[in-house]
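Report on the structure given below.
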Amino acid sequence: MRRLSYLIGMMLLCSLLLTGCWSSKEIEERSVYVGMAVDLANKTTAEKQLESQGGGTQVQPLITATIQIVPLKSVGRGQQQAESGSIKKYLNVSETGNSIFEIMRNYSLKRDRAVIGHHLKVFVISTELAEKIELHKLLDFLLRDNDIRPSSMVFLSRGKAMDTLESDEPDEIPAFRIRDMVRNKFRNNKIYKEVILTNLDGYFHAKQSFILQNIAAADTGEIEFTGAGIIKGSTNKWIGDLDQENLSAISWIQGDSSGGLLKTVNDRNSIITYEILSGESKIIPKVDGERLSFHVDIKTEGRLIETWDAEETASKAFFLKEAEQKFEQKLETMLQNLMKKMQTEYKVEVAGFGDRLRITHPKVWKKVKDDWDDIFSRATVSFDISLKITDYGSSTE
């Protein structure tokens, strides 16, 4: 009897534990969105027709938000088709308004399933919108909502942000494609390290200028990372762009350039290419009274991976030494071009100099942090580059 009572008790306990999900909803009953893009308000034809019959918002709209819904079962009858005629594995739905939260709830007026953002991967903002509305306002809902992961990545788009969530490949989900493209940074230092919602929350509170990776979209559904957009800390708005070489230069300064490349021409106007095998840098702040300067020490090793010069075999030692000098000159030019963009054209600091000053001279940082962009624009920055070619690939020579 004692054993029987024990067995019954254990069965009752297990039954209680198994009822923990009695009120849960299956994923097929929800519209799970994995990507979101926001643009300046541009009502669709359908929205205009519904508005004429009493629908839509009663205030002047500011934003058009587009969400990308997956999986296929949660999409239902509204499935989109690729040009080939096959059904896409996602559905993009747009809604216009002047509040992100209101827009998300307004989807309930049009869809039979609630939209949820537990699996949001990417959030893309058009620079046209970011130039007019402060970023902290556009992202306030995402930062407050407990359903949305703080690891969601944030990007900018020079064109329509909603276009970056399109693809002509029937088996491709654009939001996942963008997320996975960032992982290619180990192959190309023109890809910036991922910026997630948690990072932005810190930038906003510190009123710090920063950059976000730019995405360009073509009519064919192809996309490409094309440099970065600058968000100025004092205004929290987009003010301009850095090109791909500028972004590569930032990677060199931050010691985050392993896996990239340098390409230039030598004295005989032949293309030579350097593959980065390792790279490190050290930013050294120097404080002399009211004067502030920085010295950046960059060291890298790699291989001569490509050359179009027929004179390579004439004198291998001389050729490699000449190539090292040309690569160092190319990198120096890239770094100086970046400094000109930051200190003269935009008057912002987005390469990590302020972070290094904060760590090494915290008292100085407290005095300058409120006007850091302006103070940095007057600081002197010097570079010391040491580039060594360790091998030249699998040459048969």
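Note the full-extension length gain between Ser258 and Glu128 as 0.36 nm times their separation in residues minus their Cα-Cα distance, in nm to one decimal. Present the calculation step by step, with values, prior to reporting the outcome.
Details: separation 130, 0.36 × 130 = 46.80 nm, distance 3.31 nm.
Extra length available between Ser258 and Glu128 comes to 43.5 nm.
From the phi of every residue in segment 156-164, what ³J(HN,Hα) in whole Hz does the Karplus formula 6.51 cos²θ - 1.76 cosθ + 1.60 yield, where θ is phi - 60° and glycine or proline is x?
Running phi through 6.51 cos²θ - 1.76 cosθ + 1.60 with θ = phi - 60° gives 10, 9, 5, x, 5, 5, 5, 5, 6 Hz.
Go through Lys193/Lys263; Lys286/Lys367; Lys286/Lys369; Lys190/Lys341 and tell me which ones have a Cα-Cα distance over 19 Å in this structure. Don't skip to the end; give the middle numbers.
Working: Lys193/Lys263 22 Å; Lys286/Lys367 15 Å; Lys286/Lys369 16 Å; Lys190/Lys341 17 Å.
The answer is Lys193/Lys263.
What figure in square angstrom, to the nearest 10, would you give for the accessible area of Phe327 with a 1.4 Å probe?
0
What are the ³J(HN,Hα) couplings of segment 346-352, residue after residue, when phi is run through the Karplus curve with 6.51, -1.76, 1.60 and θ = phi - 60°? Round to Hz, x for glycine and proline.
These are the phi-based 3J(HN,Hα) values: 10, 6, 9, 10, 10, 10, x Hz.
Counting only DSSP beta bridges with both residues in segment 247-391, tell me the antiparallel percent, nearest 5.
Numbers: 21 of 32 bridges.
Approximately 65 percent, going by the DSSP bridge assignments.
Just order 175-186, 155-166 by mean Cβ neighbour count inside 10 Å, highest at the front, would you?
In descending order of packing, they fall as 155-166, 175-186.
Sort 107-114, 244-251, 120-127 by the packing proxy (mean of other Cβ within 10 Å over each peptide's residues), most packed first.
On the way: 107-114: 13.9, 244-251: 22.1, 120-127: 24.1.
Per-residue Cβ counts within 10 Å, averaged per peptide and sorted highest first, yield 120-127, 244-251, 107-114.
Could you order Tyr33, Tyr203 by accessible surface area, starting with the largest, using a probe radius of 1.4 Å?
Values: Tyr33 5, Tyr203 50 Å².
My answer, sorted largest first, is Tyr203, Tyr33.
Give the dimensionless ratio obtained when the Cα radius of gyration of segment 247-391 is divided by 2.2 N^0.38 Å.
On the way: Rg = 17.6 Å, N = 145, 2.2 N^0.38 = 14.6 Å.
That works out to 1.20 for segment 247-391.
Heavy-atom accessible area per residue, segment 247-391, 1.4 Å probe: how many Å²?
Numbers: 7550 Å² over 145 residues.
Dividing the accessible area of segment 247-391 by its residue count gives 52 Å².
Which percent of the accessible area of segment 247-391 is formed by carbon and sulfur heavy atoms (probe 1.4 angstrom)?
Values: 3510 of 7550 Å².
Carbon plus sulfur share of accessible area: 46 percent.
Once the Cβ-Cβ distance between Lys286 and Glu172 is put in as r, and R0 is 51 Å, what FRET efficiency do you end up with, to the nearest 0.05? Mind showing how you got there, number by number?
On the way: r = 50 Å, r/R0 = 0.98.
Step by step, r from the Cβ atoms, then E = 0.55.
Out of residues 5 or more away from Lys88 or on other chains, whose amide H comes under 5 Å of its own, with H placed 1.01 Å from N in the peptide plane?
Correct list: Gln80, Gln81, Ala82.
Taking the alpha-carbon distance from Lys137 and a cut-off under 18 Å, which lysines remain once sequence neighbours fewer than 8 residues away in the same chain are dropped?
Lys207, Lys232, Lys237
The values are calculated or read from the model by the stated rules, or taken from the named source; none is laboratory data. Just so we're clear, the structure is a prediction, and the values are computed from it rather than from any experiment. Heads up, the Cβs are rebuilt from the backbone with ideal geometry, glycines too, and the neighbour counts pull from every protein chain shown. Only protein heavy atoms, including side chains, enter the accessible area calculation; ligands, DNA and RNA are left aside. Shrake-Rupley method; radii C 1.70, N 1.55, O 1.52, S 1.80 Å.
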